[in-house]
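Okay, structure first, notes after.
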Amino acid sequence: MKTFSGGVTALGVTAAERAGDPATQTKHLKKGLTDGLPIAIGYMPVAITFGLIAGATGLSVGEAVLMSMLVFAGAAQYMSLSMIAVGAGAVEVVLATFIVNLRHLLMSASIHEKAETGTKAQRAVYAFGMTDEVFAVASTKQAPLRSFYIIGVAAAAYGSWVGFTGAGYYMGAFLPVVVQESMAIALYALFIALLVPSIRKEGRMVVILAGMGGLFHSVLALWMSTGWAIMFATVLAVAGYEVMERLLGFGKGEESELADIDYEEEERKEAESSCR
Amino acid sequence: MSMTMVWMIVAMGLVTYIPRLLPLVMLNTENWPAWARRMLTRVPYAVLGALILPGILTVGDNVWFAVASGGTAAVLAYFGAPLIVVVGAAIGVLGVVQMVF
């Protein structure tokens, strides 16, 4: 993982690395851009459709692209269009946007647990790109997550989102309907592709957590909007798993204690590697 | 561009960015109990589950189309195919299924 550049000390920490060695950063950035490619593909039809509907709703191309540039949140942007279409006020739209995107609070907090400390500026940059998909790709990677890796993933997603919003505004129907419809599966396929290898690695914990997440979302979606439903489903699943693990011990109390030790061991390693 | 619209978009951007930013610059989990930190590391799996279900079932004209496409993705992912291959194959399968049925 780590490349030793000149003047390595006993601990392997060079001043250059602490400040961010450009060569290593470029490497992580490239890896991030590559891993962000499936998101870029998945965003294509969603962004094109957004551009198309934005035009139909009466936004100018500048407004549509500006929204994709500044907001960078698919569900909220779609919602704002439907609200604008029925003549909702700006305050209502902003409030709804806030509510829908509040779930990212949870995702950023989770990334915070796995990411290298980095500089505040680096965190401020990738926080901007913390969509569901960017979070999903980054969070299923091995810790410690590198700032420039997350920035790379986010940049690939962002480029596609903004670019295809503009393209969609003008050429909306340039993709055949069959292709557009088929591409709607892309983001779900991406989520599956991220989840399944974690099952191999982490076992039934992943299956149970994901199953509860999906189940709770399906049920909660009957009462509340997507943003809240995803957030509550996540909290319920994670808390539910913790409670189940403690109450049932999943069979053996010793095992869960062992898991605790393993976890702390992992923590220690993480801490060490992020110190390097 | 109407100024009202521009300000609305700027405000939308701010209320989106703030929840994404705050935990990363302000949260200090160092002294949190192990269980709380453990729960944070488990968030990704629960989120992935919630993102896949029930949304995937609305893709395509028929629930089974999404199941076929998603199933293909799951099998390929299980055998370690790269992300891009999994995503491409899922799109391909859905396209073919939609055309045939």
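Within the range A:90-131, being among the charged types (D, E, K, R), facing chain B (nearest Cβ under 9 Å) and more than 11 Å from B:R20 (Cβ to Cβ) holds for A:E113, A:K114, A:K120. On the given criteria, is B:W32 surrounded by fewer than 22 Cβ atoms within 10 Å (Cβ to Cβ), more than 8 Å from chain A (Cβ to nearest Cβ), at negative phi and assigned to a loop (DSSP other than H, G, I, E, B)? Criteria met by B:W32.
Select from the range A:61-78 the residues that are within 7 Å of chain B (Cβ to nearest Cβ) and in a helix (DSSP H, G or I) and write down the one among them that is most open to solvent (accessible area, probe 1.4 Å). Only one residue tops the list, namely A:L70.
Considering only residues in the range A:132-153 that are closer than 22 Å to A:A75 by Cβ and open to solvent by less than 10 Å² (accessible area, probe 1.4 Å), the one that is nearest to the other protein chains (Cβ to nearest Cβ) turns out to be A:S139.
Take A:L175 and tell me if it is more than 7 Å from chain B (Cβ to nearest Cβ) and modelled with pLDDT of 95 or more.
Details: more than 7 Å from chain B (Cβ to nearest Cβ): yes; modelled with pLDDT of 95 or more: no.
No.
Would the range A:188-195 turn up any residue that is open to solvent by less than 20 Å² (accessible area, probe 1.4 Å), touching a residue at least 12 places away in the same chain (Cβ under 8 Å) and more than 8 Å from every other protein chain (Cβ to nearest Cβ)? Within the range A:188-195, not a single residue is open to solvent by less than 20 Å² (accessible area, probe 1.4 Å), touching a residue at least 12 places away in the same chain (Cβ under 8 Å) and more than 8 Å from every other protein chain (Cβ to nearest Cβ).
Condition check ((1) open to solvent by 20 Å² or more (accessible area, probe 1.4 Å); (2) in contact with a Ser or Thr (Cβ under 9 Å, 6 or more places away or on another chain); (3) facing another protein chain (nearest Cβ under 7 Å)) across all residues:
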site: B:I18; (1), (2), (3): yes, no, no
site: B:N28; (1), (2), (3): yes, no, no
site: B:A36; (1), (2), (3): no, yes, no
site: B:P44; (1), (2), (3): no, yes, yes
site: B:V47; (1), (2), (3): no, yes, yes
site: B:I56; (1), (2), (3): no, yes, yes
site: B:V63; (1), (2), (3): yes, no, no
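Can you go through B:L83, B:L76 and tell me which one is at the interface with chain A (Cβ under 8 Å from one of its Cβ atoms), farther than 30 Å from A:A121 by Cα and surrounded by 15 or more Cβ atoms within 10 Å (Cβ to Cβ)? Going through B:L83, B:L76 in turn, just one is at the interface with chain A (Cβ under 8 Å from one of its Cβ atoms), farther than 30 Å from A:A121 by Cα and surrounded by 15 or more Cβ atoms within 10 Å (Cβ to Cβ): B:L76. For the range A:203-235, residues that are more than 8 Å from every other protein chain (Cβ to nearest Cβ) and either without any contact (Cβ under 8 Å) to a residue 40 or more places away in the chain or under 13 Å from B:I52 (Cα atoms) (or both) total 11. When the range B:1-16 is filtered for residues that are open to solvent by 50 Å² or more (accessible area, probe 1.4 Å), assigned to a helix (DSSP H, G or I) and either among the hydroxyl-bearing types (S, T, Y) or touching a Leu at 6+ places or on another chain (Cβ under 6 Å) (or both), only B:T4 remains.
Among the residues examined, A:V219 qualifies as open to solvent by 60 Å² or more (accessible area, probe 1.4 Å), out of contact with any Lys or Arg (no Cβ under 7 Å at 6 or more places or on another chain) and among the aliphatic types (A, V, I, L, M). In the range A:109-124, which residues are open to solvent by 20 Å² or more (accessible area, probe 1.4 Å), within 14 Å of A:L145 (Cβ to Cβ) and in a helix (DSSP H, G or I)? Result: A:H112, A:K114, A:Q122, A:R123. Starting from residues that are among the polar types (S, T, N, Q) and touching a residue at least 60 places away in the same chain (Cβ under 8 Å), keep the ones in the range A:156-187 and report whichever is nearest to B:A90 (Cα to Cα). Top of the filtered list is A:Q180.
The values are calculated or read from the model by the stated rules, or taken from the named source; none is laboratory data. As the structure is a prediction and not an experimental result, all values here were calculated from the model. In this analysis, Cβ positions are derived from the backbone assuming ideal geometry, glycine residues included, and neighbour counts consider all displayed protein chains. Surface areas here come from the heavy atoms of the whole protein model, side chains and all, with no ligands, DNA or RNA. Shrake-Rupley method; radii C 1.70, N 1.55, O 1.52, S 1.80 Å.
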